[in-house]
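Report on the structure given below.
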Amino acid sequence: MAAPGDNAGTEPGAEPGLWPLIRRHKRAAATALTIVVLAIALTVVPGLVDSSSGPLRDSTTCTQWSAASAAQKAAYVQLYLDEYGTFSGAGSTSAAVRARIEHGCIRAVFLGEGDNLSVLAAVR
């Protein structure tokens, strides 16, 4: 019977542990490491380059509008007022323009057209 700590059933002189295993199987360890790094990159990178993190434009869809932050929405409303003026029919204040966009986008999403309708079209 083998005493605890003996390397019974293993190769003579083999050390137990992860590092000796990696040293014996370098190609397999490199492949496993590459797969892990790629998996992490494929998980993290899309979140870093998410299109919703940029400024909103006239072509922004209602779905993107609903996912945008309050600061992004406020910036677009100000851009809209600067570009089209207060007499565009959407309202003369930021709150009125934002309410008009919200109303149009809620209607579009309800009808299943949230991905097809732009915020500019929702205002009009």
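The values are calculated or read from the model by the stated rules, or taken from the named source; none is laboratory data. All values reported here derive from a predicted model rather than from experimental measurement. Virtual Cβ from ideal backbone geometry, glycine too; neighbours counted across all protein chains shown.
Go through (1) modelled with pLDDT of 90 or more; (2) surrounded by 14 or more Cβ atoms within 10 Å (Cβ to Cβ); (3) not aromatic (F, W, Y) for V36 and report which single condition fails.
It fails just one condition, (2).
Pairs needed: first member in the stretch 23-48, of a type outside the set (D, E, K, R); second member anywhere, modelled with pLDDT under 85 and in a helix (DSSP H, G or I); C-beta distance under 9 Å; at least 6 residues apart or different chains.
none
Identify the single condition in (1) surrounded by 12 or more Cβ atoms within 10 Å (Cβ to Cβ); (2) touching a residue at least 40 places away in the same chain (Cβ under 8 Å); (3) out of contact with any Phe, Trp or Tyr (no Cβ under 9 Å at 6 or more places or on another chain) that A74 does not satisfy, given that it satisfies every other one.
Looking at each condition in turn, A74 falls short on (2).
Given the condition at pLDDT 90 or above and among the charged types (D, E, K, R), answer yes or no: does some residue in the stretch 61-74 qualify?
Yes, some residue in the stretch 61-74 is at pLDDT 90 or above and among the charged types (D, E, K, R).
Considering the stretch 54-65 alone, what residues qualify as being loosely packed, with under 14 Cβ neighbours inside 10 Å and of a type outside the set (D, E, K, R)?
Answer for the stretch 54-65, where residues must be loosely packed, with under 14 Cβ neighbours inside 10 Å and of a type outside the set (D, E, K, R): G54, P55, S59.
Filter the stretch 68-124 down to the residues that are among the hydroxyl-bearing types (S, T, Y) and either closer than 13 Å to L56 by Cβ or within 23 Å of the chain's Cα centre (by Cα) (or both) and list them by number.
S69, Y76, Y80, S118
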